[in-house]
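See below for the structure under consideration.
Bear in mind that the values in this text are calculations on the coordinates, not laboratory data. Bear in mind the structure is a predicted one, so any value in this text is a computation, not a measurement. Here the Cβ is made from the backbone with ideal geometry for all residues, glycine too, and neighbour counts use every protein chain on show.
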Amino acid sequence: MIFVRELNETLHRLLETDERVVILGEDIADPYGGAFKVTRGLTSKFPDRVLTTPVSEAGIVGVAAGLAMSGYRPIVEIMFGDFVTLTFDQVVNHISKYSAMYDGKVTCPVIIRTPSGGHRGYGPTHSQSLEKHFLGVPHLTVVAASPYHDPDAILSALLRQDEPALYVEHKLLYPEHVVRPSGSRIGDAIGREESTDGWLPSVVLSQVPAEDCTVTVLAYGYSALLAAQALEELAVEEEVFGELVVPSQIAPMDWGPVEASVKRTGSLLTLEEGTADWSWGTEAAAEIGRRGFSRLRRPVQVVASQPTVIPSSRDLERKVLVGSDTMKEAIREAAA
Amino acid sequence: MVRLSAAPDVDAVEADPRLVGLPDEPRDQRFYRRMRFIRDFEETLLALFEEGLLNGTTHACIGQEADCVGVIEHLRAGDHIFSNHRCHGHYLAWSGDARGLLAEIMGKPEGVVGGIGGSQHICAPGFKSNGILGGTVPAAAGIALGLKLSGADGISVVFVGDGAFGEGVVYETLNMASLWELPLLVVVENNAWSQSTPLAVNFAGDMAKRFEAFGIPTTRLESTDVLEIDSEAERQIGLVRESRTPRAFIIDTYRLCHHSKSDDNRPADEIAARWPLEPLTVHSARLDTAARERIDGEVGAALTEIVDEARALA
Amino acid sequence: MTAVTVPWTDVNDDSATVVEWHVEDRGEIRAGAPLVDVETAKSAIEIESPADGLVLQLVPVGGEVSIGQPVAHVFEDEASLRAFEEARAQEAAAAPRPGDDVRASVKARERAQELGVDLSTVAGDGLITVKDVEAAAGATAQAPPADLPAPLAGDGKSKRLALIGAGLGATQVLDILAEIDGAAGVAVVDDNAAVWGREVEGVPVVGGTDQLLEHWEAKAFDAAVIAISTSVEARARLRGLCRDAGIPLENVIDPRSKLATGVAVGEGNVICAFTHFGTGTRIGDNNFISAFNSYDHHNVLGSDISTGPGCMTSGEVTIEDRVRLGTGIFVEPKLTLGEGAVVASGAVIVRSVPAGHAVKTKVVTTTVVPIRR
């Protein structure tokens, strides 16, 4: 089943089985069912707990804060990841602080879901990956959808935790099939889930056994899909072998699987669609640079998009965003 | 759940009747006592700051005691109050917890939230406050929505000042509260000054009309008389309880103390002119001297005990 | 419905990439109008529509289409287009899933072919790699089969030559040698074990590179010639191998070629019939020059070059190492074809070609129609 369908069915199931769940979002009502159709059918089936809202990102996230502190489990859709900036105060100064500053007397477990990312020519304010700016907000979990992580498992896990979360869904994942680990395989590749106790799982995959890999590629979301394709092509065409680590939770991070992989390969390359510098990858470089210092044979390579606006023109967009060609070139170098 | 302090879990606060009202006390005395409690607490706080005993900053509500006492008189368990940076009066009127609040402002584990939140960030059953202007309003609306969804009969009240009208999220919330018919009461304590800025420089148009633009019925009362405020508050709160729809209650009042500490540049004669009109002066005229002095003494004694206890905290 | 297929223009290519569609999917087109541009490794091809009608694109821009397979269909009308699509959808739904194709890297496939290994028998976790193939080959192949033939003894007077490469190039070399006194082929070697034991024009294929080196040690031949006609990489690699082993390379020059005065020739060159080298021209080592080539005066040719028939240069042209020329190419005077350049058939070179570049020619398809009276 394609990702958007799985997500829709997950939301149906959650509303059905957990009466605390309330969904808020703009234009989510039937028959439209949301800008990306993720919420199709929900307002018809659960009219009291699925609310379509005015265009008020700060307001609806704030309302969700109040609901969460009253014992509900609100899930707020922010229509485009580019608009999360409008929620920043509510997330940073309210939602993520309430439990800690009130010394644990309340919890505020708001889940914010948002479609993000480019490669569709939507232009500078509808193509960004702004989760970057929420990394490192204390008490906020940032999770990225990927083709290898079951959205039902992820959202269920987020509902079991007390802390608020931002769940970023790259738009280009919606038509992709979710590929679950099966035996020791993920699709055609050798792969498995790996996690440190209590963390949401990462997925580790490679075309050949890990000991033959000469680079660890760390990527999340749609970049992970592109990376998997690039790694497959490099393996088949050039016998360049890398191990791909795809976390679901990107902040705070379970570094265990990355560290273990780097110990085998001796080289780390990070990939992200967000803009370069002061990013997820630079954090990984610092952390793995410290943990894997003696095992790294070369500096950690961080690959991210150009630090400028994302053009609408397809050719220009391709030059700004991290894409397959950039990835292959970087992987080749990091694997050498 | 995040526990940063080493505080032990505390059972429900036992409020001292000398501070919150004796059983079967006549209403006028009760109101006087409760306002005196808040006034003395705030003045004590400011004195303790001078002593160097307190941590951080604070925003006292001297001059606005009638709002706190008059409105909260009509709220009960099941309701919820969201206050702002100037929350002491609201908190004390609601819970009577002088001990917890003082310890909190002293940064002690025995504080309401373990010393983590301090003066502006309080959380207790039915009560929260946050120091981001306007940002509290949507949370209060969310709490109202929660009450509506659960079918409970409580209401959600949010206290804001005139300064909060600058924040866009306030209007986003008023729009939704009206659209979704939320049991929310917005109480505006318009004390004519937002920190150092007078209303005329901050505020265009008519305050009541801003609410009415969203279809929210609004009542405006210019008063520092606790009985007037009490009477109107009873009506407003009753209407919200009954209709389960939002309303606004604007109280035109005046702040007699600094915004926080050592930051008052308002004209001295303007302030001086307001002292004779302040709530305790207005209301104490209704009591005979003996009763007033007795109550002053009881409140003073109770607070002294609390301060001594607080000083003794490690 | 008319199928539009990609014409076969290069013996080395088996697929083409779609570069640009000139009509949108399901759009209308007239016969003879440009339909789509495709590109092979050597040429860009513009394909015209064979008929009037509606176009169904079968391959997107950037996609690959095999030579001989349709890149589009042209339908007379909407109805037949839809009927085709329905039928195709039903077929796809009904068709059984193809059996597991073995997943292997490109290098592994090549190596498997070289070593004669059946990929489906190779054990490997995940993608099959060269390492896996070599391990499998190593497991089975130990000492070479005892029944490999020995080189011919020779007539005792002629130089005994070992030919490297058992393909059609070897037949050309042996054909030239048939006209030459003083040299003869006594053995052929090829790393494709499948051909070991066969004969090429009566000369036995005695094994692979290992056997070449063995027979050299045993002095079973006097010199080698690399008989691979087209792959410049293979020629260069094998020349290095022979140099390292100390095996001299012999020129094999057809007596019907003309080398003018002052022409200097290196070693190991194969020069076919009716080839002309003008005065002052220098030729390096290990080049394979096809028939009817002409290098006019004062040309400089490097080493490991391969040319097709009918290539002609003017004076003072330089052709650097490992250049590959197709068929029927003309080169204007004083130009340089840089190292490793590849030139498509039919090109007319009017300016120098930098190293590592390809010269592509645009070929418009020709159609055959009956003459109307």
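Quick notes on this structure:
- Taking chain C and dividing mean pair separation by its residue count, relative contact order in percent (alpha carbons under 8 Å, at least six apart): 10
- Taking every full run of DSSP H in chain C, the ones that stretch at least 18 Å from end to end by Cα along their long axis and average -1.0 or higher on the Kyte-Doolittle scale are C:78-94, C:232-245.
- Taking the Cα centre of the protein assembly as shown as origin and assigning +1 to Lys and Arg Cβ atoms and -1 to Asp and Glu Cβ atoms, the resulting dipole is close to 820 debye.
- Mean projected area in nm² (Cα convex hull; one quarter of hull surface) for segment B:62-164: 6.5
- Of C:Gln172, C:Gln113, C:Gln211, the one that fluctuates the most in a GNM where chain C has Cα springs shorter than 10 Å: C:Gln113
- Both numbers refer to the Cα atoms of segment B:114-192; Rg and Dmax are 13.0, 39 Å.
- B:Glu51-B:Leu227 FRET efficiency (beta carbon distance; Förster radius 41 Å; 0.05 resolution): 0.70
- C:Thr209 paired with B:Thr281, simple spin-label distance in nm, labels 7 Å along Cα-to-beta-carbon: 10.6
- Computed from Cα atoms alone, the Kirkwood hydrodynamic radius reported for the protein assembly as shown is 35.8 Å.
- Size of electric dipole in segment A:1-64: Cβ of Lys, Arg +1 and of Asp, Glu -1, about Cα centre, debye, nearest 20: 120
- Here the calculated FRET efficiency for B:Lys209 and B:Ala273, from their Cβ-Cβ distance with R0 = 25 Å, stands at 0.35, rounded to the nearest 0.05.
- In this structure, the amide hydrogen of A:Gly121, modeled 1.01 Å from its nitrogen in the peptide plane, lies closer than 5 angstrom to no residue at least 5 positions away or on a different chain.
- Comparing mean-square fluctuations of C:Ala112, C:Ala79, C:Ala150 from a GNM of chain C with C-alpha springs under 10 Å, the top value falls on C:Ala79.
- Think of the protein assembly as shown as a dipole: +1 on every Lys or Arg Cβ, -1 on every Asp or Glu Cβ, centred on the Cα centre; then among C:His22, C:Ile228, C:Ala44, C:Ile228 lies furthest on the positive end.
- Considering helices alone, the calculated mean residue ellipticity of chain B at 222 nm is -14000 deg cm²/dmol, with DSSP H runs of length four and up weighted by -39500 (n - 2.57) and normalised per residue.
- Counted residue by residue at 0.36 nm each, then reduced by the alpha carbon distance between them, the extension gain from C:Val106 to C:Leu148 reaches 12.2 nm.
- Each of B:Val240, B:Thr253, B:Thr219 was scored by the projection of its Cα onto the charge dipole of segment B:211-265, and the greatest displacement toward the positive side belongs to B:Val240; charges sit on the C-beta of Lys, Arg, Asp and Glu.
- Only beta bridges with both residues in chain A are counted; by DSSP, about 35 percent of them are antiparallel.
- Neighbour counts of C-beta atoms inside 10 Å place B:Met106, A:Met327, B:Met35 in the sequence B:Met106, A:Met327, B:Met35, starting with the fewest.
- Between C:Thr279 and C:Glu78, residue separation times 0.36 nm minus the direct Cα-Cα distance comes to 65.8 nm.
- Only Cα pairs under 8 Å and 6+ residues apart enter the sum, and on that basis the relative contact order of chain B stands at 23 percent.
- Looking at the protein assembly as shown, the DSSP beta bridges with both ends there are about 30 percent antiparallel.
- Note that chain B, at 20 °C in a medium of 1.002 mPa s, gets a Stokes-Einstein diffusion coefficient of 108 µm²/s from its Kirkwood radius over C-alpha pairs.
- Hydrodynamic radius by Kirkwood, which averages 1/r over all alpha carbon pairs of segment B:195-240, in angstrom: 12.7
- Residues whose amide H lies under 5 Å from that of C:Leu35, counting only those 5 or more places away or on a different chain, are C:Ile47, C:Glu48, C:Ser49; hydrogens are built 1.01 Å from N in the peptide plane.
- Label-point gap, in nm, between B:Ala200 and A:Arg120 - each point 7 angstrom along Cα→Cβ: 5.3
- Principal axis box of segment A:69-183, alpha-carbon based, largest edge first, Å: 43, 41, 22
- Residues whose placed amide H lies under 5 Å from that of A:Tyr167, excluding near-sequence neighbours: A:Ile112, A:Arg113, A:Thr114, A:Val143
- Table column - 3J(HN,Hα) (Hz), segment C:332-342, Karplus curve with 6.51, -1.76, 1.60, x for Gly and Pro: 5, x, 6, 8, 10, 9, x, 3, x, 5, 10
- MRE, 222 nm, helices only [DSSP H, n ≥ 4, -39500 (n - 2.57), over chain C, to nearest 500]: -6000 deg cm²/dmol
- J(HN,Hα) series, segment B:242-253, from Karplus relation 6.51 cos²θ - 1.76 cosθ + 1.60, nearest Hz, glycine and proline x: 6, 7, 6, 10, x, 9, 10, 10, 9, 10, 7, 9
- Rounded to the nearest whole Hz, the Karplus-based 3J(HN,Hα) values (6.51 cos²θ - 1.76 cosθ + 1.60, θ = phi - 60°) of segment C:257-262 follow the sequence 9, 10, 10, 6, 5, x, with x at glycine and proline.
- Fluctuation leader among A:Val63, A:Val258, A:Val322 - chain A, Gaussian network, Cα springs under 10 angstrom: A:Val63
- Sorting C:Phe292, B:Phe41 by the number of Cβ atoms found within 10 Å of their own Cβ, with the fewest placed first, yields C:Phe292, B:Phe41.
- Over chain A: helical MRE at 222 nm, DSSP H runs n ≥ 4 each giving -39500 (n - 2.57), nearest 500: -9500 deg cm²/dmol
- Where trypsin sites (Lys or Arg not before Pro) fall in DSSP loop in segment A:268-309, at most 12 other Cβ within 10 Å: A:Arg297
- Counting beta carbons within 10 Å around each of B:Ile116, B:Ile81 and listing the fewest first gives the order B:Ile116, B:Ile81.
- Each DSSP beta bridge with both residues in chain C is either parallel or antiparallel, and the antiparallel ones are about 35%.
- The dipole here belongs to chain C: it is taken about the Cα centre, uses +1 on the Cβ of Lys and Arg and -1 on the Cβ of Asp and Glu, and is about 940 debye.
- Inter-label distance, A:Lys45 to C:Glu114: 5.8 nm, where each label sits 7 Å from its Cα along the C-beta direction.
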